[in-house]
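Reviewing the structure listed below.
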Amino acid sequence: MKKIGIADTTFARFDMFKSAVDELHKMGTGFEIERYTVPGIKDLPIACQRLIESGADIVMALGMPGPEPIDKQCADQASKALLYVELKKNTHIIEVFVHEDEAEKEELKGLADMRAREHAVNVYDLLFRPERLEEKAGQGKREGYPDVGPLR
Amino acid sequence: MKKIGIADTTFARFDMFKSAVDELHKMGTGFEIERYTVPGIKDLPIACQRLIESGADIVMALGMPGPEPIDKQCADQASKALLYVELKKNTHIIEVFVHEDEAEKEELKGLADMRAREHAVNVYDLLFRPERLEEKAGQGKREGYPDVGPLR
Amino acid sequence: MKKIGIADTTFARFDMFKSAVDELHKMGTGFEIERYTVPGIKDLPIACQRLIESGADIVMALGMPGPEPIDKQCADQASKALLYVELKKNTHIIEVFVHEDEAEKEELKGLADMRAREHAVNVYDLLFRPERLEEKAGQGKREGYPDVGPLR
Amino acid sequence: MKKIGIADTTFARFDMFKSAVDELHKMGTGFEIERYTVPGIKDLPIACQRLIESGADIVMALGMPGPEPIDKQCADQASKALLYVELKKNTHIIEVFVHEDEAEKEELKGLADMRAREHAVNVYDLLFRPERLEEKAGQGKREGYPDVGPLR
Amino acid sequence: MKKIGIADTTFARFDMFKSAVDELHKMGTGFEIERYTVPGIKDLPIACQRLIESGADIVMALGMPGPEPIDKQCADQASKALLYVELKKNTHIIEVFVHEDEAEKEELKGLADMRAREHAVNVYDLLFRPERLEEKAGQGKREGYPDVGPLR
């Protein structure tokens with residue numbers, strides 16, 4: 001039995017946790033899920049660290065940075081700290097960030113839903129079937145958007 | 001009995017410590033507060049580290065970066081170091097920064113007061129009732145400004 | 001018998017792994033190769049760390065950052081984390097990044113192929129004949145592009 | 001008997017060490033001073049680390065970054081490394097940087113002198129009377145420039 | 001007998017190693033030199049780390065970043081990692097970077113030669129006569145360019 005940790009925020013404007021969990025359950029079984037909700041994206045790194053210490057074999061960090069320059073800076077700080085935790089704990093943390101200015105409102109909901117789902121597949125693959133990732137190496141895969149495919 | 005550490009600066013132009021403490025006491029009991037005042041925001045990380053070593057279960061870092069590019073850079077350096085302390089000590093540090101150019105003077109006072117208070121609620125929730133945060137996940141919460149709410 | 005680790009991504013639009021392996025085998029023998037494929041460039045640092053823990057004497061990190069500012073930022077975060085792993089594990093990690101906006105499509109394929117190959121030579125040199133690098137010191141060598149040569 | 005470490009550079013164009021020492025001696029007694037001079041600001045972090053290992057209870061890092069973009073970048077790198085040493089050694093390092101483009105030549109001398117002096121007071125306060133800092137919290141204190149005071 | 005480590009690259013377009021060694025030998029005796037050549041500036045940090053582990057008492061990191069924005073970013077990453085090694089190993093690493101766009105070609109050769117030589121003097125001073133640096137504190141020293149001198 002594996003454990004998948006999922007950290008999310010009250011700052012985000014869409015419940016990506018629900019999308020990720022729904023997709024994970026479509027993929028298969030053999031795992032349980034633990035959630036840790038924090039105020040903002042800069043609180044995600046410690047949430048992920050604690051999820052790993054609580055037994056998570058892999059973690060998803062769900063965040064939705066705002067459109068202002070300061071939001072971009074916070075996202076950059078959070079990303080760097082997530083990488084630090086990942087290396088310190090030697091455990092994959094899949095960062096799932098959707099920037100509020102990536103798309104218009106209605107489209108943004110679809111993007112957040114799809115990105116959470118497609119990264120949930122990555123999480124499942126890393127945990128249970130890494131050979132699937134190797135098959136897709138260099139294939140121009142994208143999460144949330146259509147794949148761009150390999151160069152021709 | 002829990003301990004909440006609060007670090008603040010002489011550089012700031014508003015006493016956010018007072019707002020945070022007032023709000024914390026409105027929330028409930030079961031905690032004591034320890035304060036550590038330093039000259040500027042770049043001194044906050046070590047103040048937070050020492051508060052944690054002094055027994056704090058969670059820390060607030062109150063700062064008010066100036067409006068110049070160099071101030072923004074200092075804030076970025078301070079934020080990164082706060083994240084580092086947080087992960088090293090495995091203890092939540094809630095960064096409460098109000099940028100001097102976020103609003104005009106009178107409005108800035110209200111913003112600083114409100115942000116300190118709303119983050120004080122986050123601190124209380126993280127410490128005593130994390131389930132409240134989970135209920136608010138993905139709800140577009142903001143601190144200091146009105147909530148933007150979930151995408152519709 | 002040495003081990004060369006190679007980490008690559010499903011995000012990349014060209015199979016640089018194939019080029020690197022082909023070139024390595026042209027160089028000589030005395031090594032085996034282990035591969036670790038991840039979704040994106042920010043997952044490369046932990047892949048490299050795990051390859052080193054799995055016995056790799058040197059690692060290549062193959063990535064192909066997209067053309068948007070956010071892609072550049074991700075590449076910067078990934079590079080910094082790769083450096084951190086390299087120093088923590090005291091093992092060379094050769095970063096082989098090809099930016100999607102470095103060249104037009106057809107040319108980009110050639111660039112990715114050539115950069116992977118020329119860095120494969122660097123990897124071989126670092127592992128088996130470091131004196132070759134010393135001979136080329138200060139000679140304006142470039143990987144993927146023609147050498148610019150020493151200043152005259 | 002406390003020890004105050006002071007690191008400075010040959011790159012700087014004003015002897016801030018002299019100003020800091022003069023001011024410290026005006027404040028009181030009970031401390032000795034150890035100096036460590038290095039070529040440039042990027043050498044300050046290791047100088048501070050060595051001063052702390054040599055017994056310093058607090059350190060001042062005196063630097064004067066040049067006006068070019070590369071100088072700003074070096075200052076940013078140095079600042080981040082100073083924060084890292086501070087947290088690693090759990091010892092306050094007060095960064096006293098005067099940017100060459102902050103003021104015209106004659107004014108710049110006065111600024112460097114005053115900033116070194118006013119930060120020397122901070123150092124003394126942190127070491128001997130931290131309650132003074134608490135009294136000044138949120139009061140809009142500035143070092144080198146006139147205080148801006150609290151928001152009204 | 002002291003050991004001076006020198007790390008350099010095949011990317012650089014001028015043999016700064018030769019200049020540094022020539023100048024060091026003009027300064028005096030009592031040291032031996034160990035060289036470690038790598039492909040690019042981002043490989044310098046691990047080269048320096050290994051030189052220190054091989055017994056170097058101080059290290060020079062010689063690099064020549066290209067003129068493009070990506071080159072500047074690589075130089076920034078390398079510089080930060082060099083600082084990290086320096087602090088981790090508690091050993092001075094003197095960064096000697098010459099940016100390709102600092103000067104025109106012929107002038108660039110002279111600049112690279114002079115900067116390597118003047119930093120070689122710094123290395124010698126740090127190792128054998130630190131009091132020389134203290135004498136030059138605040139004097140506006142520059143490496144590669146004429147000294148700007150103290151503010152008047």
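The values are calculated or read from the model by the stated rules, or taken from the named source; none is laboratory data. Note that the structure is predicted; figures quoted are calculated from it, not measured. We place every Cβ from the backbone using ideal geometry, glycine too, and count neighbours over all the protein chains shown.
Brief remarks on what is shown
- Pairs, first in contact (Cβ under 8 Å) with a residue 40 or more places away in the chain and assigned to a loop (DSSP other than H, G, I, E, B) in the stretch C:131-152, second aliphatic (A, V, I, L, M) and surrounded by 14 or more Cβ atoms within 10 Å (Cβ to Cβ), C-beta under 6 Å, six or more apart: C:Gly144/C:Leu111; C:Gly144/C:Met114
- Failed criterion for C:Ala56 (all others in (1) buried (at least 16 other Cβ atoms within 10 Å of the Cβ); (2) under 30 Å from E:Leu111 (Cα atoms); (3) in contact with a Ser or Thr (Cβ under 9 Å, 6 or more places away or on another chain) hold): (2)
- Single residue of the stretch B:1-17 satisfying the filter (more than 8 Å from every other protein chain (Cβ to nearest Cβ) and under 12 Å from the mean Cα position of the chain (by Cα)) that is nearest to D:Ile94 (Cα to Cα): B:Ala7
- There is at least one residue in the stretch C:100-122 that is modelled with pLDDT of 95 or more, buried (at least 24 other Cβ atoms within 10 Å of the Cβ) and away from chain E (no Cβ under 14 Å).
- Residue within the stretch C:44-56 that is at the interface with another protein chain (Cβ under 10 Å from one of its Cβ atoms) and among the β-branched types (Val, Ile, Thr) present: yes
- Of all the residues in the stretch E:24-59, those that are more than 17 Å from C:Ile58 (Cα to Cα), touching a His at 6+ places or on another chain (Cβ under 9 Å) and not hydrophobic (A, V, I, L, M, F, W, C) number 1.
- Selection count where residues are closer than 21 Å to E:Val96 by Cα and surrounded by fewer than 21 Cβ atoms within 10 Å (Cβ to Cβ), scope the stretch D:44-53: 0
- Meets criteria (surrounded by fewer than 19 Cβ atoms within 10 Å (Cβ to Cβ) and more than 7 Å from chain E (Cβ to nearest Cβ)) for C:Phe128: yes
- Applying the condition of being more than 8 Å from every other protein chain (Cβ to nearest Cβ) and either touching a residue at least 60 places away in the same chain (Cβ under 8 Å) or more than 25 Å from E:Arg129 (Cα to Cα) (or both) to the stretch E:79-99 and asking which residue is surrounded by the fewest Cβ atoms within 10 Å (Cβ to Cβ) yields E:Val98.
- Per this entry, B:Gly63 is not counted among residues that are surrounded by fewer than 18 Cβ atoms within 10 Å (Cβ to Cβ), touching a strand residue (DSSP E or B) at 6+ places or on another chain (Cβ under 9 Å) and more than 8 Å from every other protein chain (Cβ to nearest Cβ).
- Checking the stretch C:31-41 against the condition returns a match, with at least one residue being more than 8 Å from chain A (Cβ to nearest Cβ), of a type in the set (A, V, I, L, M) and out of contact with any Asp or Glu (no Cβ under 9 Å at 6 or more places or on another chain).
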